[in-house]
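In what follows, a structure is listed as structure tokens, so that the remarks can point back to it.
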Amino acid sequence: NMASGQQWVLVEMVQAFYEAPAYHLILEGILILWIIRLLFSKTYKLHETYKLTEKEKEDLIEEWQPEPLVPVSKDHPTVNYDVVTGPPSHKIIINGKECINFASFNFLGLLDNERVKQKALASLKKYGVGTCGPRGFYGTFDVHLELESRLATFMKTEEAIIYSYGFATIASAIPAYSKRGDIIFVDEAACFSIQKGLQASRSFIKYFKHNDMEDLERLLKEQELEDLKNPRKARVTRKFIVVEGLYINTADICPLPELVKLKYKYKVRIFLEESMSFGVLGEHGRGVTEHFGVNMDDIDLISANMENAVASIGGFCCGRSFVIDHQRLSGQGYCFSASLPPMLAAAAIEALNIMEEDPDIFRVLREKCRHVYNALQGTPGLKLVGVPLAPALHLELERGSGSRDSDMKQLRSIVDYCMERHVALTLARYLEKEERFLPSPSIRVVVTIEQTEEDIQKAVSCIREAASTLLKS
């Protein structure tokens with residue numbers, strides 16, 4: 001029965017073959033021949049190779065010009081930099097010219113402080129220069145533990161952790177807690193180190209308009225509705241708000257009390273970056289929490305670098321012990337970088353001593369900031385950006401040309417004009433292709449407690465003169 005069935009199939013096939021149109025058979029025949037040819041032909045043909053003589057080879061090598069790995073124009077600011085000799089304290093020597101320093105973030109004037117230098121020197125003699133090991137591999141020195149304990153006490157938190165590099169502090173802290181699938185709500189004006197931390201976290205990032213609490217609440221409400229649709233996913237998704245205390249790019253303060261209300265209303269965690277506000281805001285220099293009278297426990301994590309007001313190197317995070325301890329195994333900058341050189345830790349401890357002994361320095365800084373802010377109002381052709389309490393203000397062009405390069409050149413000419421007259425200012429610089437929201441070109445004016453009434457007067461009149469001379473439109 002099976003044999004007759006197979007016979008029948010064969011008969012059907014032969015019948016179909018006879019009934020098929022001629023063009024169909026020709027096409028099938030061509031395809032079968034093509035397949036046979038492909039199966040048996042060689043996969044490549046050996047071309048005739050022309051052998052070059054040694055001289056021809058040498059000539060070709062001589063002529064070859066490699067493309068530059070990174071094309072850099074001759075007038076790029078990174079190629080032509082200003083060289084500093086001596087300490088960049090109140091008076092700074094740039095390209096051999098002594099200027100009043102309105103450019104370095106030495107807000108409390110501790111950079112060249114005798115007490116700080118003596119402590120750093122003593123530490124240098126005791127421990128040597130570097131540490132040659134991360135904290136987990138013989139890189140933990142007694143001074144590190146002392147500095148962590150002192151920072152925690154100063155900030156009125158349970159624990160602090162120090163990093164050997166300021167930029168790496170928040171860039172390591174964010175990905176230590178927020179992972180793929182988590183959600184981070186971030187202010188559009190967030191600085192570059194925050195942006196790098198967000199990138200490393202691979203979390204879902206939602207930007208809200210700068211200091212706009214309505215926009216943030218809109219995003220939080222949208223997320224709340226999403227969570228109601230998928231409560232199972234919502235239970236395992238962590239949500240964070242990341243803001244700066246005092247924004248480096250806009251020189252204004254975050255509305256912290258409103259953020260805390262939103263934190264509890266929508267059950268999110270707050271990370272606060274205080275590099276510009278630590279040692280600046282608040283009666284005792286504790287930053288934006290003290291400035292607003294916000295309870296430390298309402299903030300989940302505070303991070304700051306020690307490269308501005310403290311005039312050392314590195315950074316720290318502080319908060320509850322169980323939050324901070326997690327970074328000791330998950331903070332990449334902490335686990336994989338050599339620890340902070342002991343002399344820099346000793347310098348930071350002495351800076352804290354000075355800040356604790358004389359909180360009046362914060363009042364003096366606040367007064368100087370207000371004075372500079374008021375004096376710079378109404379500079380012809382320039383718009384002042386910032387708040388009266390900010391120690392690093394921005395001067396932008398009132399009317400931009402529409403071309404970033406020509407705006408930068410105009411502002412650079414003002415900086416050069418002032419430097420000729422012994423006032424050191426600086427342009428705010430950004431990695432233009434990397435920034436998420438590129439800030440407008442600006443001149444940065446930095447206030448320190450060492451600047452005298454006379455210095456401020458000189459700088460302001462110099463900026464006004466430069467603006468009215470160079471910005472004639």
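The values are calculated or read from the model by the stated rules, or taken from the named source; none is laboratory data. What you see is a predicted model, and the numbers here were worked out from it, not measured in a lab. No Cβ is skipped: glycine too gets one built from the backbone with ideal geometry, and neighbour counts run over all protein chains shown. Accessible surface areas use protein heavy atoms only, side chains included; no ligands, DNA or RNA. Shrake-Rupley method; radii C 1.70, N 1.55, O 1.52, S 1.80 Å.
Annotations for the structure displayed:
- Cβ-Cβ distances below 6 Å connect the following pairs, each with a first residue in the stretch 72-93 that is at pLDDT 80 or above and among the hydroxyl-bearing types (Ser, Thr, Tyr), a second residue that is surrounded by 15 or more Cβ atoms within 10 Å (Cβ to Cβ) and in a loop (DSSP other than H, G, I, E, B), and a separation of six or more residues or different chains: Ser89/Leu111; Ser89/Asp112.
Conditions tested, residue by residue: (1) on the phi > 0 side of the Ramachandran plot; (2) more than 16 Å from the chain's Cα centre (by Cα); (3) free of Cβ contacts under 8 Å to residues at least 40 places away in the same chain.
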site	(1), (2), (3)
Gly139	no, yes, no
Val143	no, yes, no
Glu159	no, yes, no
Tyr165	no, no, no
Ala171	no, no, no
Arg180	no, yes, yes
Ala190	no, no, no
Ile194	no, no, no
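- If you filter the stretch 397-406 down to residues that are touching a residue at least 12 places away in the same chain (Cβ under 8 Å) and either touching an Asp or Glu at 6+ places or on another chain (Cβ under 8 Å) or crowded, with 18+ Cβ neighbours inside 10 Å (or both), you find that the one that is nearest to Gly287 (Cα to Cα) is Leu397.
- Taken residue by residue, the stretch 321-339 has at least one member that is among the basic types (Lys, Arg) and under 22 Å from the mean Cα position of the chain (by Cα).
Here's the yes/no breakdown for (1) modelled with pLDDT of 90 or more; (2) farther than 19 Å from Cys99 by Cα; (3) in the same structural domain as Leu246 (by the TED database):
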site	(1), (2), (3)
Arg370	yes, yes, no
Glu398	no, yes, no
Arg436	no, yes, no
Arg464	no, no, no
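- When Lys42 is tested against (1) modelled with pLDDT of 80 or more; (2) open to solvent by 100 Å² or more (accessible area, probe 1.4 Å), only condition (1) is not met.
- Looking only at residues of the stretch 410-441 that are among the aromatic types (Phe, Trp, Tyr) and part of a loop (DSSP other than H, G, I, E, B), we find that the one that is least open to solvent (accessible area, probe 1.4 Å) is Tyr430.
Conditions tested, residue by residue: (1) more than 30 Å from Arg150 (Cα to Cα); (2) within 26 Å of the chain's Cα centre (by Cα); (3) exposed (fewer than 15 other Cβ atoms within 10 Å of the Cβ); (4) not acidic (Asp, Glu).
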| residue | (1), (2), (3), (4) |
| --- | --- |
| Ala347 | no, yes, no, yes |
| Glu350 | no, no, no, no |
| Met355 | no, no, no, yes |
| Lys368 | no, no, no, yes |
| His371 | yes, no, no, yes |
| Thr379 | yes, no, no, yes |
| Val385 | yes, yes, no, yes |
| Met408 | yes, yes, no, yes |
